[in-house]
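> Sharing a structure here in structure tokens format.
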Ligand SMILES: [Fe+2]
């Protein structure tokens, strides 16, 4: 049976996938549908993945030529699925022990809603943007989500946000690069504000430039592409060629763009149910995790990452995150 794809309820972008069985025929339409729905698809009731985790990898391969093997890319061993190394586990449970972000302050918006917009909500990023070439698509599956009202994931539409930018701001960011860096290296906005000493970085850990506006390699649409506090380099950046640091012009530009991009016209808050599979295109969509009560509840999510079509500006680049001696051996 083929799938039906309808606009995602409660969102200005994205698609809801229903009615398919987990067969190649049913899911063959999903890669095109992902592009046609601004880089976001929700596939509910994929419980079969919990019983058969390689199914998630099989689905991931529909979206690109390379599904990351986390044993080979420097991931902490305790976060990699023991039987299926293409799955990274996001969980507060042992052995992963990954804690959720703190709740925003204040915890609710003035009208009692879930805070979404930057800078009230922090943590907006696109996966692995500190790598060149960056990844294409992530598949994120809820084995055991947080209870209702907690642990949502927020998503923002980079193409829609770009179209709505004022013309002068589009001009200002034309050809400009952001400087992205791996979290927890002492270069986040928070670390710089706290006066932390940046960690020494090996060549394969160095911050990486990425265009603020990427041309999506499949849709051809321009999309905003940046992160905020934790995944930009606030020591040398966050914007290449602009005054660096937390008080510089680069910081002001990140705040301006991120506030725009995470406004209500371009964002969607996903409230997870067990068996939900979300497919998001990192070239077009930002996301942010939210708080849940990790003392009281266990949350288990599985993610895969698909690489291979970053666009012509990355043509023939070797992988920045693989140490040179290892890539020479492979
Ligand atoms: Fe992420």
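> Test of understanding: in a Gaussian network model of the chain with alpha carbons linked when under 10 Å, which of 36, 256, 171 would top the mean-square fluctuation ranking?
In the Gaussian network model the winner is 171.
> Per the Kirkwood formula on distinct C-alpha pairs, the Rh of the range 3-74 is how many angstrom?
Kirkwood hydrodynamic radius for the range 3-74: 13.3 Å.
> Using only the Cα atoms, work out Rg/Rh for the range 139-227, with Rh taken as the Kirkwood radius, to two decimals.
1.06
> Can you divide the C-alpha Rg of the range 35-188 by 2.2 N^0.38 Å and report the result to two decimal places?
Against the empirical 2.2 N^0.38 Å value, I get 1.20 for the range 35-188.
> What is the Cα centroid distance between the range 121-176 and the range 232-260, reported in whole angstrom?
Measuring centre to centre over Cα atoms gives 17 Å.
> So how compact is the chain: Cα radius of gyration and Dmax in angstrom?
When restricted to Cα atoms, the chain yields Rg and Dmax of 19.0, 58 Å.
> Could I ask something else about it? Could you work out, for the range 267-330, what percent of all Cα-Cα pairs fall into each 5 Å distance bin, beginning at 0 Å and stopping at the bin that holds the largest distance?
3, 9, 16, 17, 16, 11, 12, 9, 6, 0
> What distance in nm separates the simple spin-label points at residue 32 and residue 45, each placed 7 Å from Cα in the Cβ direction?
Distance between the two pseudo-spin positions: 2.5 nm.
> Additional query: Can you give the FRET efficiency for residue 274 and residue 315, using 1/(1 + (r/R0)^6), R0 = 45 Å, r = Cβ-Cβ distance, to the nearest 0.05?
0.65
> Obtain the nm distance between the two label points defined at residue 259 and residue 163 by a simple spin-label model: each point lies 7 Å from its Cα along the Cα-to-C-beta direction.
2.4
> For n ≥ 4 DSSP H runs only, could you compute -39500 (n - 2.57) per run for the chain, divide by its residues and tell me the 222 nm figure to the nearest 500?
-4500 deg cm²/dmol
> Here's something else I'd like to know. Let me make sure I get this right: for the range 185-330, a, b and c are the square roots of the gyration tensor eigenvalues over alpha carbons, sorted descending. Under 1.5 in a/c it's rounded, otherwise prolate if a/b > b/c, else oblate. Which is it?
rounded
> At a Förster distance of 30 Å, what's the computed FRET efficiency of residue 52 paired with residue 296, Cβ-Cβ distance as r, to 0.05?
Efficiency, from the Cβ-Cβ distance: 0.50.
> Based on the Cβ-Cβ distance of residue 252 and residue 78, what FRET efficiency does E = 1/(1 + (r/R0)^6) give at R0 = 56 Å, to the nearest 0.05?
0.90
Only the coordinates and a few stated rules stand behind these numbers; no lab work does. Note that this is a predicted model, so its numbers are computed, not measured. Heads up, the Cβs are rebuilt from the backbone with ideal geometry, glycines too, and the neighbour counts pull from every protein chain shown.
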